[in-house]
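*Asks:* A single structure is presented below for examination.
The values are calculated or read from the model by the stated rules, or taken from the named source; none is laboratory data. All of these numbers come straight from a predicted model, not from anything done at the bench. We place every Cβ from the backbone using ideal geometry, glycine too, and count neighbours over all the protein chains shown.
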Amino acid sequence: MNEPDRIGLTPLVAEQLDELLSELNPNIESTKETVKLIKFDIYRLAVSLGLKERKSPPELKEKSNSAFRVGELDRDKALFTVVECLECCPNDTSIYRYIERLAEQGIQEFYQEYQQRGELPLTEYFSDKS
Amino acid sequence: MKLKELVIHNFMPYKGEQTIEFPQHETQNVMLLFGDNMRGKTSFLNSIRWGFYGVALGRHLRLIPRVNLVNSIAAAEGDWSMSIKLLFNHEGREYELRRIVDKKNHVAVPKIDSDFEETIGLKIDGQVIAGDQISNEINQVSPEEISRFFLFDGELLQEYENLLVEQNEQGEKIKEHIEQALGVPALINGRDEFTSLLKDARRTQTRDAKNSSDAKMYAEQQRVNETKQLTLEKDIKDLETQQRDVQKQIDDIEDELKNTEAVQRKKNEIDVLIGKRDTIEDQLAYDADEQRSLFQNAWKDVLFQSVQPLMSTLKSKRDSLLQAAQAKVVLDAKISDLQKSLDSPFCPTCTQPIPKEEMDGITLRIKELKAESELSIVNMDDVTSLNSQIDKLSKITSSNEGQRICELAAKQRRMQVSIIKIETELDEIEQEIQGFDTDLITRQREKKDRLSNQLFKLNSDIKDSKEQLKKLLETQAHISTLISKSSGSKGQASTIRVNLYEGLESLFKQSIDDLRDALRKDVANYASEAFAELTTEKTYSGLEINSNYGLSIIDQTGNVLKERSAGAEQIVALSLIDGLNKTARKTGPIVMDTPLGRLDPKHRSNVLKYLPKMADQVVLLVHEGEIDPTRDLSNFAARIGARYQIKRISATESRIERSN
């Protein structure tokens, strides 16, 4: 199966990711340097949580915006390897397309949670180590 | 004089009629009136003062206008009448003093003192005293000048510390009051009278000297000095007017600041809370930063959790493959050994041929082993692939980012709760001080500082001008002597008068000094006696009085104690009051408002034991912070003749009730 060079999100979820980033990053101009999250950080976390929970993400409803270069997103191919080893990717789907689906589903869930609670349920994401 | 009964009607917070009976017993001579702050203790003191003298004093001894004396609820109901009835006895005679004010008939709502009409009545042993005699009769019993020392506001004790500071304006004022009470003004007035007469006599002498050839030059000098004197006197008068004006402005600001003390305290609380909130907010921002930093690698931590079981599976698979490969090697070695037996069917030890049955067994065994070996064939590419996967997955590491993020989230929640609590508190405080301009308070403080500097400069200018005037007067006296000695002026009426007035003025000056010295000595003796009983530090040898009636503590080495605590100041001030009171009059009651404010328990105990001895009758107006009814009263329970409590009805109404 041929792996794509670029993956991304549907336009709607890409917008949701932008919104989420602006919420999670400090919104005031600070004189001192602050740590800022980038899109990759959220994207990778969405994929990791999807894998941890063994999700079966559906196909993307719209065409992906292919915003991210796979080589940059998964520099040491950690995500690829885990998907490969877990053998959770459907046969007719390339691994990175599967990763794209996981990200799309995960970011959507992040966004909905944030809309409902005003914060991400971090304890739920990280405390369950099973 | 002994107070018997006080009947208050519509006076300040005391609406309607309220009667208080004073203790008459010789040893049970203390009356206690308990009341929280703002309930009417000082108003009670003022009711007695107003009953006797028709004046009620506020802070800085300012007169309280009548309109503020009438109970505001009664006034709002249209009743502007107010009265005080005092029953007392003095030297075996019974007195009934009644002072009443009411608004004048034609005035709808009174605004100033003259909108009220005051009537006063006095009966002695049932005999009505004529109106013009009443004031005189009261002064016979209890002169108004001394009232400061027996109708005493404890909050003013601090003012007595100013007596120790030379050239202090407030100290000078208090000294004036003290001397007025002690009777010094009689001599001061006499001296001033002769100073004035001497001035006139010298003017006449100078005029006469103009016609004398040998005194003409002195007359001219005297004329110039007189002009200088007038200018200096005018300057001093102007400076003193300015001084009073500036002092009044400072007093007004102090009053204003005193009223806003609670607001200032609240403002400080706000500043502290804002500081706390800012610190927490800084910590929150710092933690949020750390949390985001952890968040960047949190995906690896999550992935690490998924990878762990997978790694175990892969490693186990790889180990199985390697075990199988190892087993195949062993089987192949066995097959090879057996095959050698088939290829050479002789025993290697005895070289005898191996029997056929045994050879058949070996063949069968080789078959079995080959079958087993075939099952153990391992594709080493699979092992390589598993190793590669294991290597890649091993690179996924975790630093427990998720757990740390959770810990930070919990910490954040706690801090956010703290911020909410602080903000609720801030809202409550801001609501409490709503309407107060806290910036104005700061500006007023700055203004007060500026005025204090101005006052200091004025005081210094007045001092310089007075010094110049003193020197000028000495020069004038000297020139006057020269004129008197000149041949043309000797024996003249104006010279005789100058000499006479000089002598009399000098006599009065000396008398004032003598009287002051004698009085100061008395005050110092009485005060030292009181101090010895009041102080807890028994090594102090006594008190020393200065020219202003200020008292210093003398330690065991005979030196003046430099630093005094607030409690010591209060003890010294109480001793001074006792000394002044005993010097000024022989008998009479003492009414003290909040006299124990700054004292520690031991001093308080000493003062409570001593107070009953200060006068025939002692009325203490105290709050429960000063005298704890359960603890402190045991010290002088036997001396309490009556106990009252001021009960709050509303913010503008209180009632005095007798308690047990």
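*Asks:* Might you let me know whether region B:301-311 holds any residue that is within 11 Å of chain A (Cβ to nearest Cβ), modelled with pLDDT under 90 and touching a Lys or Arg at 6+ places or on another chain (Cβ under 6 Å)?
*Replies:* yes
*Asks:* Given the condition within 7 Å of chain A (Cβ to nearest Cβ) and aromatic (Phe, Trp, Tyr), answer yes or no: does some residue in region B:280-294 qualify?
*Replies:* no
*Asks:* Right, another one. Name the residues in region B:186-210 that are charged (D, E, K, R), closer than 15 Å to residue B:225 by Cα and touching a residue at least 60 places away in the same chain (Cβ under 8 Å), would you?
*Replies:* Correct list: B:202, B:207.
*Asks:* When residue B:10 is evaluated against the numbered criteria (1) within 36 Å of the chain's Cα centre (by Cα); (2) modelled with pLDDT under 95, which criterion, by number, is the only one it fails?
*Replies:* (2)
*Asks:* For region B:77-101, what are the residues that are in contact with a Ser or Thr (Cβ under 6 Å, 6 or more places away or on another chain) and surrounded by 18 or more Cβ atoms within 10 Å (Cβ to Cβ)?
*Replies:* Keep residues of region B:77-101 that are in contact with a Ser or Thr (Cβ under 6 Å, 6 or more places away or on another chain), which gives B:84, B:100.
Of everything in region B:77-101, just one residue is in contact with a Ser or Thr (Cβ under 6 Å, 6 or more places away or on another chain) and surrounded by 18 or more Cβ atoms within 10 Å (Cβ to Cβ), namely B:84.
*Asks:* Which residues, counting only those in region A:96-130, are at the interface with chain B (Cβ under 9 Å from one of its Cβ atoms) and of a type in the set (S, T, N, Q)?
*Replies:* Scanning region A:96-130 gives A:123, A:127, A:130.
*Asks:* Yes or no: residue A:48 within 12 Å of chain B (Cβ to nearest Cβ), touching a Leu at 6+ places or on another chain (Cβ under 9 Å) and hydroxyl-bearing (Ser, Thr, Tyr)? So that I can check it myself, show each step before the final result.
*Replies:* Working: within 12 Å of chain B (Cβ to nearest Cβ): yes; touching a Leu at 6+ places or on another chain (Cβ under 9 Å): yes; hydroxyl-bearing (Ser, Thr, Tyr): yes.
Here the answer is yes, as residue A:48 does meet what is asked.
*Asks:* Kindly list, by first and then second residue, each pair from a residue in region B:327-349 that is assigned by TED's automatic domain parsing to the domain that holds residue B:360 and free of Cβ contacts under 8 Å to residues at least 60 places away in the same chain to a residue that is outside any helix (DSSP H, G or I) and surrounded by 12 or more Cβ atoms within 10 Å (Cβ to Cβ), limited to pairs with Cβ atoms under 6 Å and residues at least 6 apart or on different chains.
*Replies:* Partner pairs satisfying both residue conditions: B:327/B:376; B:328/B:376; B:345/B:354.
*Asks:* On to the next question. Quick test of your reading of the structure: residue B:243 fulfils all but one of (1) closer than 30 Å to residue B:476 by Cβ; (2) surrounded by fewer than 16 Cβ atoms within 10 Å (Cβ to Cβ). Name the failing condition by number.
*Replies:* (2)
*Asks:* Which condition number does residue B:204 fail, the rest of (1) surrounded by fewer than 15 Cβ atoms within 10 Å (Cβ to Cβ); (2) within 20 Å of residue B:483 (Cα to Cα); (3) of a type in the set (Ser, Thr, Tyr) being met?
*Replies:* All conditions are met except number (1).
*Asks:* When the residues of region A:54-88 are narrowed to those that are at the interface with chain B (Cβ under 9 Å from one of its Cβ atoms) and part of a loop (DSSP other than H, G, I, E, B), which ends up farthest from residue A:105 (Cα to Cα)?
*Replies:* Initially, region A:54-88 is screened for residues at the interface with chain B (Cβ under 9 Å from one of its Cβ atoms), giving A:54, A:76-82, A:84-86.
Imposing the further condition that a residue be part of a loop (DSSP other than H, G, I, E, B) reduces the set to A:54, A:76-77.
Working: A:54: 12, A:76: 23, A:77: 21 Å.
This residue is A:76.
*Asks:* Further, regarding this structure: Going by what's in this entry, would residue B:332 be described as under 20 Å from residue B:360 (Cα atoms), part of a helix (DSSP H, G or I) and more than 14 Å from chain A (Cβ to nearest Cβ)?
*Replies:* Values: under 20 Å from residue B:360 (Cα atoms): yes; part of a helix (DSSP H, G or I): yes; more than 14 Å from chain A (Cβ to nearest Cβ): yes.
Judged against the criteria, residue B:332 is a match.
*Asks:* Tell me whether region B:531-542 contains one or more residues that are without any contact (Cβ under 8 Å) to a residue 40 or more places away in the chain, surrounded by 17 or more Cβ atoms within 10 Å (Cβ to Cβ) and among the small types (Gly, Ala, Ser). Write out each step before concluding.
*Replies:* The first filter runs over region B:531-542 and keeps only residues without any contact (Cβ under 8 Å) to a residue 40 or more places away in the chain, leaving B:532, B:537-542.
Next, from what is left, pick out any that are surrounded by 17 or more Cβ atoms within 10 Å (Cβ to Cβ): B:540, B:542.
Now restrict to residues that are among the small types (Gly, Ala, Ser): B:542.
Checked against the condition, which is being without any contact (Cβ under 8 Å) to a residue 40 or more places away in the chain, surrounded by 17 or more Cβ atoms within 10 Å (Cβ to Cβ) and among the small types (Gly, Ala, Ser), region B:531-542 yields at least one hit.
*Asks:* Of the conditions (1) in a loop (DSSP other than H, G, I, E, B); (2) touching a His at 6+ places or on another chain (Cβ under 8 Å), residue B:148 clears all except one; give me its number.
*Replies:* (1)
*Asks:* Quick check on region A:71-78. Is at least one of its residues surrounded by fewer than 14 Cβ atoms within 10 Å (Cβ to Cβ) and touching a residue at least 24 places away in the same chain (Cβ under 8 Å)? I'd like the intermediate steps shown before the answer.
*Replies:* Residues of region A:71-78 that are surrounded by fewer than 14 Cβ atoms within 10 Å (Cβ to Cβ), as a first pass: A:71-72, A:75-76.
Subsequent filtering for residues that are touching a residue at least 24 places away in the same chain (Cβ under 8 Å) retains A:71-72.
Within region A:71-78, one or more residues are surrounded by fewer than 14 Cβ atoms within 10 Å (Cβ to Cβ) and touching a residue at least 24 places away in the same chain (Cβ under 8 Å).
*Asks:* Could you list, in sequence order, all residues of region B:383-414 that are more than 30 Å from residue A:117 (Cα to Cα), touching a residue at least 60 places away in the same chain (Cβ under 8 Å), assigned to a helix (DSSP H, G or I) and within 14 Å of chain A (Cβ to nearest Cβ)? So that I can check it myself, show each step before the final result.
*Replies:* We begin by selecting, within region B:383-414, every residue more than 30 Å from residue A:117 (Cα to Cα); these are B:383-397.
From what's left, touching a residue at least 60 places away in the same chain (Cβ under 8 Å): B:383, B:386-387, B:389-390, B:393-394, B:396-397.
Then drop every residue that is not assigned to a helix (DSSP H, G or I), which leaves B:383, B:386-387, B:389-390, B:393-394.
Across region B:383-414, the qualifying residues are B:386, B:387, B:389, B:390, B:393, B:394.
*Asks:* So residue A:40 ticks every box in (1) at pLDDT below 95; (2) touching an Asp or Glu at 6+ places or on another chain (Cβ under 8 Å) but one. Which box is left unticked?
*Replies:* Status for residue A:40: all satisfied but (1).
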